[in-house]
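Single-structure report; data block below.
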């Protein structure tokens, strides 16, 4: 792995440990995600990650999001924010964030919203 890939992995790991999501719409962070996805040596393993595995492991969740984003970039499809729980790219956002006026609002997919109701941050703050 290149030095830049390791640096990006450390950033993702720090966000995962803090249970925050990287805002890939910010300058430089989207490019960092694309570089990491391009350097990923085993996309077939990541593509097989189940929702349960992604919920349990922040590294698998981040890698899965990056794998999907790389595919979307290659196809020219817009890149969506990753669900704060499972990493699935989604156009949905947390209703708790919206009600509180939190910006950026964290993403939450349909399945996780049904199961958890709000993002990790709002759940931790009991919003």
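The values are calculated or read from the model by the stated rules, or taken from the named source; none is laboratory data. Since the model is a prediction, treat every value here as computed from it, not as a measurement. Note: ideal-geometry Cβ built from the backbone for every residue, glycine included; neighbour counts use all protein chains shown.
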Practice problem: Taking the residues in the range 100-122 that are modelled with pLDDT of 90 or more and assigned to a helix (DSSP H, G or I) as candidates, determine which candidate is nearest to residue 57 (Cα to Cα). | Solution: 112
Quiz prompt | Residue in the range 41-49 that is at pLDDT below 60, in contact with a helix residue (DSSP H, G or I) (Cβ under 9 Å, 6 or more places away or on another chain), farther than 30 Å from residue 125 by Cα and not in a loop (DSSP other than H, G, I, E, B) present | solution = yes
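Return the only residue of 87, 101 being surrounded by fewer than 18 Cβ atoms within 10 Å (Cβ to Cβ) and on the phi > 0 side of the Ramachandran plot.
On the way: 87 fails: surrounded by fewer than 18 Cβ atoms within 10 Å (Cβ to Cβ).
Within the list 87, 101, the selection yields 101.
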Quiz prompt | Residue count, the range 64-98 (criterion: within 19 Å of residue 50 (Cα to Cα) and in a loop (DSSP other than H, G, I, E, B)) | solution = 6
